[in-house]
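Inspection log for the structure reproduced underneath, given as structure tokens.
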2 protein chains.
Amino acid sequence: MRNIFIILLLFALQVEAQDKRVTDWVDPFIGTDSFDNNSLPGNVYPGATYPFGMIQLSPDTQKDILVVCGGYYWKDKEIYGFSHSHISGTGIADLYDILVMPTCGKSAELLDKLKTPDKQIKSSFSHKNEYAEPGYYSVLLNDSKVKVELTTSEHVGLHRYVYPSKSKKFVVVDLNHGITKDRKWFPFKLLDGYSRVLNDSTIIGYRFATGWARLRKVYFALRTNQPISHCSFITWGNVLSTKNTVAETWNDRPLRALLEFNSDKKDTVEIKISLSTVSSENALNNIITETGRKDFDKVKEDTQLAWEKELSKIEIKGDLEQKKLFYTALYRTFLQPNNIADVNGEYTRGDFTIGKLKPGEPYFTQFSLWDTFRAAHPLYTILQSQRTAQIINSMLDFYDVKGILPVWHLWGVDNYCMIGNHAIPVIVDAYKKGIRGFDYSRAYEAIKGSANSSHVFTSYPMFLDQYGYYPHDGNIHESVSVTLESSFDDWCVAQMAKSLEKYDDFSYFYNRSKCYRNLFDIKSGFFRPKLKNGSFFAPFDPYSYYGDGQRKFYTEANAFQYQFSPVHEIDTLVEMMGGKRKAMLLLDNVFNDQKKDTIIEENASGFIGQYAHGNEPCHHYAYIYNYLGNHRKTEEQLQKIVKSMYRPTPQGLCGNDDCGQMSAWLVFTMMGFYPLNPASGVYEIGTPFLPYAKIKNDNGSYFEIIAHNLSDKNIHIKKIALNGEICKDYKLTHSDIIKGGKIEFFMGK
Amino acid sequence: MRNIFIILLLFALQVEAQDKRVTDWVDPFIGTDSFDNNSLPGNVYPGATYPFGMIQLSPDTQKDILVVCGGYYWKDKEIYGFSHSHISGTGIADLYDILVMPTCGKSAELLDKLKTPDKQIKSSFSHKNEYAEPGYYSVLLNDSKVKVELTTSEHVGLHRYVYPSKSKKFVVVDLNHGITKDRKWFPFKLLDGYSRVLNDSTIIGYRFATGWARLRKVYFALRTNQPISHCSFITWGNVLSTKNTVAETWNDRPLRALLEFNSDKKDTVEIKISLSTVSSENALNNIITETGRKDFDKVKEDTQLAWEKELSKIEIKGDLEQKKLFYTALYRTFLQPNNIADVNGEYTRGDFTIGKLKPGEPYFTQFSLWDTFRAAHPLYTILQSQRTAQIINSMLDFYDVKGILPVWHLWGVDNYCMIGNHAIPVIVDAYKKGIRGFDYSRAYEAIKGSANSSHVFTSYPMFLDQYGYYPHDGNIHESVSVTLESSFDDWCVAQMAKSLEKYDDFSYFYNRSKCYRNLFDIKSGFFRPKLKNGSFFAPFDPYSYYGDGQRKFYTEANAFQYQFSPVHEIDTLVEMMGGKRKAMLLLDNVFNDQKKDTIIEENASGFIGQYAHGNEPCHHYAYIYNYLGNHRKTEEQLQKIVKSMYRPTPQGLCGNDDCGQMSAWLVFTMMGFYPLNPASGVYEIGTPFLPYAKIKNDNGSYFEIIAHNLSDKNIHIKKIALNGEICKDYKLTHSDIIKGGKIEFFMGK
């Protein structure tokens, strides 16, 4: 009888485990704090959003952001309101469109406060009254005692405010909320702001701003579920009369609206807000078409189902901590790119003209390509094959109007932040993997054109023809990194050229892809900056992040973090370094060198020796050992990195998540493989951190990853079987995964 | 025989005189200098343009404009290039889009120079090598010896550059030319600039900038009549390779292109450039559709015919000086408003969405309404009845998207510069005059809505309901002027309300139109600023332009220049002043008071006592005498003003022409009448300065103005006959003019 009871109990637990949604494992607070004093915060936001959706509705706990770019920092004690657009995990901040904040109090006092530009209606809050899951966020505002709940559909942010009963119900809308106004570089500045009361439950308007994105057009529409009894606009120190249904601002003047709700019967106010890059009419249409009569709860339910569907594309087994880490990481990779096309298919193109897609088709933005080409996009080729094509089509649309592929595409505008043009590997990788849904010849034209085009910050390919490298004295910032990463992009162009039998192009770009070799200094074993006259710049300090003080040599990095950069020619690199043994010693040294303090420098963070896991350039380093035949060292470093750099807590990320790249690294790594060369379709085997994972391919097939005998002690791969056949090269290909099957890791001590 | 010869000669001379085009009398250089040291420059530009056209292609002789807003100043010695958009005669500067400059020299030296942002390819020039007429401008650049000729069609600027033979032929295109970058208020800043070589004779691109207009989208297309052999983009200190066919800039970084033409056979390069608010595709279409295969000479011919047609709407007799003054003034009133709709009918609306008219229909901008509602728009109701309706439709389109009529509409964007909302009198005047082509009920909704709407700088109508005036301590700048001019606008709304039988509205606005009375200080005879508590602000200095030092009381004026502001209730004003005799003494005093120096203050300039003809608020003062029954004094002051304030020379304007208002005043005044109340349809008789004028009405009728016996000595009207009947009230109505007929002035000593 007792046995039966235990069996039943086990069965019940299993049922419960099966019924539990994968979204329940996601903790949006992971990474909202700093890992430690020596690390940058994850810069992720905990708010509500839809997979790859337009709206990121999240609390802003900062007034003037310098470092914390997600708008929210775990250590902050106050909330300034809830804005509708955020970027996940970047090192530079922007967006935060249309801040909304509920409050109570007296109308006159609030208006008086709102007349003073510096004064904000903020509230303290406590983490114990805060809750977040995919598509949902809630908090209790201590000052007003308003309970705030947020959810979103793809294009619409929904607020539900529960006011203390019998209190006055106010909502403040701030059009000039920017957070980054005091930043020295690319400060937020409102160029033009407009708001208009359409009727007693609808307000429309727009704001155009310059910031990290040089010019963003953000239209909005706001609808309430009960009549607004009063709407006062407050601008430039004056409160406009309620007769006055329009208000404008520009040149960074403040513009806020105070909405009052008088209904005595209800303590709850629900607000829907949508954005548009095209018109406030479109924003209103987004609300009506997408959410119609759906209330908060229904939208929340639909959105959470959408998240469940996306995140269920990988099924895993593991302990609670592993599940939290894994699904939160997967969640973070699916936060962007973001579809900013309106429901009717209209969107603002790269040249600020209006494009028109079929209703429902997406136009994607938020491409942090210097980060995400490494692992996030390869992950999308597996889990988001349709979206990968749509992402590429968005990139090609940008190329059509601008003649260059996007580099850092933000709200549809390129800020050309970071070096190279890593839309090229994304496109070539997708092409090589046979992703359908984009025009290959148009895509080839775009990668070739872009490889020959300059973008303002750092890339002027004419230097490659002239010098064979980017000369440090050629008015080029980060000349070593630019040379290295452009070489990789050129290799990608060459691959596609060859495949399309464009042999002249192949020859040109293949030759150019070797340019990185010209900066290798055999003596030091590092890539070093060179001058136009062919000599290396001296003095040289491989630990330094700051170049000659005026211009940096490396991108957010020192010489160690770019020492193994050319993933397209590791064999040649190894040769230049004097062979495998010597190369491996150099690589060991990166992880072991403690000669100089490793403190946050530029965006480098999360150090193991000179290896910086909190930034991207050396994300592939641990896998190089496997490539060089020393799988054991790969395992060793991965164990170290995963265990020391990720935690299922707000202090869980050792650096900026960078639009999912840090997370994508973890998703791959926990499953046991990683795209060392992200345009090769080949994955190096690392070591599995999960006993079981099942990838549900878009074509309906499954790929299972089974780690036999995995335990705390059994962390070494003894043998690998791919579909039952022994896998000796410790590699996996994209087609292995996509055609379905299984890989088995046989683990031991 | 000899008699016959003389008769033939006289006949030939007459034929010649008749053959002479009226455009020949226009001298675009009039007013390009300052009248004297005590006056502001006219701020007009001498370049080529089309009546009410999109393009104003004119030389820019200033690098950093503070005062000279037309881009050109007669005293300047150097030309920086030729840009495609200018405003005529304003006190604040903006536009100057797409600077083009031909030059010779060596490619390497030029590139070297262009790499340095501060260095510009400029040239000295001499007025003796300069020539201008409507639709045409030419100059010889002394440094390069390039002869430059400019003409325009409605949407396209044409350049013809004749290079010294055998010299290298270069053209520099500067995307970041702004002139007003060093200005403290609303400096020009390039937000986004883009250029792309489409083929060997076509370049497209855009620039988005903030300046006086908070955000302007300016697309362009450039076509050459011979192949560009090299196009180098120079940006951020680098010269991009010619392989690189795109270039971008933002955050005010420079972007210039150096075009080289190699054709050895030709020394002449012709370039066509068009702008668009919508897309570079539209700009290119403007060129192709509008100028097709037309060369420079053909476009020039067509444009000059268009000018001839417009200016011939008034035929005059008079001496050379009078003809130059009159036709140049008429020319200046027809420079704007400007049609910025593309040839295909597309344009950017007030909310930056795209509007679409029938191809060829105009969308007008450049509304300097605080100036032009006084006389320029009334002049358009006579000479441009169709365009008046189109102008109003453009205003209503703005209202549709913004909920407020335009105040100062620049490149389609409102900067809300200046007080009141003087689109209201323009619309009401047109309505009362029966101008057809706009929807009266939609127009009424717009004027009523606007009269109840605030705009940021100075107008918050809720103060009128609360206090009956704009209180100086109500965070209101120029509170006296705002009260006075809003009262007039409200009177206009009331007039239309009455006519449409909206009696509640009539009553409300009619009452509000009396608000100005609340600021009249019987003791001083001036309108004075009042505080919220009902007391006048003290101390009070009627000569001061600067209010309390923090906030001004009057708009670009002192108390004298607003003393007779309420043109809608002169009778009441006179009553408040203590009767006609006392009022007339006060008016005399304005013209006679020399107690304080009259130097340039704010935009006031062109002084006669405290009367400032170089600015707008007292433009109607001389005509008040006639209204009060003392026609002789009107004549006296007008003789003084016309003779002392206008000259047919570069020093010909005593203040900013202000988009044609100074000129429209002269056109009316020289013909002998003026709209004292510009929304009344009634003109006060002044005194004729021309022996004969014939207005060719749009309906085909003529209105003749005949001054019998006019001579230097016979400058007083002895008798007036309107269509043969004696006119005793010395007034003329709009319908008198429009139905055709003649007015005869019988002049004597």
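Take B:Glu260, project a point 7 Å from its Cα along the Cβ direction, then tell me which residues of the range B:91-117 have their backbone nitrogen under 13 Å from it.
Counting only backbone N, you get B:104-112.
Measuring nothing but label to label, 7 Å from Cα along Cα→Cβ, what are A:Gly534's distances to the other copies in nm, shortest first?
Label-point distances to the other copies, shortest first: 9.3 nm.
Please give the per residue accessible area of the range A:25-310, computed with a probe of 1.4 Å over protein heavy atoms only, in Å².
Here the residues of the range A:25-310 average 32 Å² of exposed surface.
How far is helix A:440-451 tilted off the main Cα axis of chain A, in degrees rounded to 10, range 0 to 90?
Orientation of helix A:440-451: about 80 degrees from the principal axis.
What is the residue of chain A with the smallest Cβ distance to the axis taking A onto B, and what is that distance in whole Å?
Looking at chain A's Cβ atoms against the axis toward B, the nearest is A:Ile354, 3.
Checking the a/c ratio against 1.5 first, then a/b against b/c, what shape does the Cα gyration tensor give for the range B:500-638? Numbers along the way, then the final one.
Details: a/c = 1.70, a/b = 1.14, b/c = 1.49.
Oblate is the answer for the range B:500-638, as a/c is 1.5 or above yet b/c matches or exceeds a/b.
Compare the Cα positions of A:Tyr623, A:Cys659, A:Ala721 along the charge dipole of the range A:610-749 (+1 at Cβ of Lys, Arg; -1 at Cβ of Asp, Glu; about the Cα centre) and return the one farthest towards the positive end.
A:Ala721
To one decimal in nm, how far is A:Asn199 from the same spot in the other copies, if labels go 7 Å from Cα toward Cβ? Please give the shortest first.
Result, one decimal in nm: 5.2.
Just for the Cα atoms in the range A:364-457, what are the lengths along the principal axes, largest first, rounded to whole Å?
33, 25, 20
Once you put a point 7 Å from the Cα of B:Asn475 and another 7 Å from the Cα of B:Ser441, both along the Cβ direction, what distance in nm separates them?
Distance between label points: 3.8 nm.
Using only Cα atoms, tell me the angle between helix B:631-645 and the longest principal axis of chain B; keep it within 0 to 90° and round to the nearest 10.
Approximately 20 degrees, to the nearest 10.
List the distances, in nm and shortest first, from the label point of B:Lys498 to the matching label points in every other copy, placing each point 7 Å from Cα along the Cα-to-Cβ direction.
Result, one decimal in nm: 8.8.
Applying the Karplus parametrisation 6.51 cos²θ - 1.76 cosθ + 1.60 with θ = phi - 60° to the phi angles of the range B:125-132, what ³J(HN,Hα) value in whole Hz is obtained for each residue in order, glycine and proline being reported as x?
Calculated HN-Hα couplings, in order: 8, 10, 4, 6, 9, 10, 8, 8 Hz.
Before rounding to the nearest 500, sum -39500 (n - 2.57) across all DSSP H runs of length at least 4 in the protein assembly as shown and divide by the residue total; then give [θ] at 222 nm in deg cm²/dmol.
Roughly -9000 deg cm²/dmol at 222 nm, from the helical runs in the protein assembly as shown.
Counting other Cβ atoms within 10 Å, which trypsin sites (Lys or Arg not before Pro) in the range A:183-243 have at most 11 and lie in a DSSP loop?
Filter output for the range A:183-243: A:Lys184.
Cross-link list B:Lys217/B:Lys552; A:Lys181/A:Lys323; B:Lys300/B:Lys324; B:Lys432/B:Lys532; B:Lys75/B:Lys643: which exceed 30 angstrom alpha carbon to alpha carbon? If you can, show how the numbers build up before the last one.
On the way: B:Lys217/B:Lys552 33 Å; A:Lys181/A:Lys323 39 Å; B:Lys300/B:Lys324 21 Å; B:Lys432/B:Lys532 36 Å; B:Lys75/B:Lys643 24 Å.
In this structure, B:Lys217/B:Lys552; A:Lys181/A:Lys323; B:Lys432/B:Lys532 lie more than 30 Å apart at Cα.
In the protein assembly as shown, with Lys and Arg counted as +1 and Asp and Glu as -1 at Cβ, which of these residues, B:Trp212, B:Tyr444, A:Ile404, has the Cα nearest the positive end of the dipole, that is, farthest along it?
Farthest towards the positive end: B:Trp212.
Per-residue accessible area for B:Trp307 at 1.4 Å probe radius, Å² rounded to 10?
0
Along the range A:402-414, what does the Karplus equation 6.51 cos²θ - 1.76 cosθ + 1.60 (θ = phi - 60°) give for ³J(HN,Hα), rounded to whole Hz, x for Gly and Pro?
Ordered by residue, 3J(HN,Hα) equals 10, x, 8, 6, x, 10, 9, 9, 10, 6, x, 10, 8 Hz.
Protein chains only, probe 1.4 Å: how do A:Met418, B:Met101 rank by accessible area, largest first?
These residues rank, largest area first, as A:Met418, B:Met101.
For a quick check of understanding: with a 1.4 angstrom probe and all protein chains in place, what accessible area in square angstrom does A:Ser441 have, to the nearest ten?
80
For the range A:573-581, in order, what is each residue's ³J(HN,Hα) by Karplus, 6.51 cos²θ - 1.76 cosθ + 1.60 with θ = phi - 60°, in whole Hz (x at glycine and Pro)?
Couplings: 4, 4, 4, 4, 7, x, x, 4, 5 Hz.
Using modelled amide H (1.01 Å from N, peptide plane; none on Pro or chain starts), what sits under 5 Å from the amide H of A:Gly412, excluding residues fewer than 5 places away?
The answer is A:Gln366.
Compute, for chain A, the length of the dipole vector about the Cα centre, with Cβ point charges of +1 (Lys, Arg) and -1 (Asp, Glu) only. Units Debye, rounded to 20.
700
In the range B:193-214, which residues become less accessible by 20 Å² or more once every protein chain is in place, relative to the chain on its own, using a 1.4 Å probe?
Correct list: B:Tyr194, B:Arg196, B:Tyr206, B:Phe208, B:Arg214.
What does the buried accessible surface come to for A and B, summed over both chains, with the probe at 1.4 Å? Round to 100 Å². Could you put the intermediate results ahead of the total?
Working: alone 27280 and 27300 Å², together 50130 Å².
Adding both sides of the contact gives about 4500 Å².
Hey, got the dipole for the protein assembly as shown? About the Cα centre, +1 on K and R Cβ, -1 on D and E Cβ, debye to the nearest 20?
Numbers: 172 positive and 172 negative charges, 30 e Å.
Around 140 debye, computed over the protein assembly as shown.
So, in nm, how far is label A:Lys728 from label A:Ser701 when the simple model puts each one 7 Å beyond its Cα toward the Cβ?
2.4
If you take the beta carbon distance between B:Lys596 and B:Arg632 as r and set R0 to 22 Å, what does 1/(1 + (r/R0)^6) give as a FRET efficiency, to the nearest 0.05?
0.20
Report, in debye and to the nearest 20, how large the dipole of the range B:389-451 comes out about its Cα centre when Lys and Arg carry +1 and Asp and Glu carry -1 on their Cβ.
200
Of A:Thr555, B:Ser276, A:Asn421, which is farthest towards the positive pole of the protein assembly as shown's charge dipole, taken about the Cα centre with +1 and -1 on the beta-carbons of Lys, Arg and Asp, Glu respectively?
Projecting each Cα onto the dipole axis, the largest value belongs to A:Thr555.
Over chain A, with every protein chain in place, what whole percent of the accessible area is carbon and sulfur at 1.4 Å, could you tell me?
The C+S portion of the solvent-accessible surface of chain A is 51 percent.
For helix B:661-671, what angle does its Cα long axis make with the longest principal axis of chain B, in degrees from 0 to 90 and rounded to 10?
The helix B:661-671 is inclined about 60 degrees to chain B.
Would you grab the residues whose amide H sits under 5 Å from the one on A:Thr180? Only those 5+ places off in sequence or on another chain, please, with H modelled 1.01 Å from N.
Excluding prolines and chain starts, which carry no amide H, the hits are A:Ile65, A:Phe188.
The values are calculated or read from the model by the stated rules, or taken from the named source; none is laboratory data. Predicted model only: the values in this text are computed from it and were never measured. Cβ coordinates were reconstructed from backbone atoms using ideal geometry, including for glycine residues, and neighbour counts include every protein chain displayed. The area values use the complete protein model at the heavy-atom level, side chains included, leaving out ligands, DNA and RNA. Shrake-Rupley method; radii C 1.70, N 1.55, O 1.52, S 1.80 Å.
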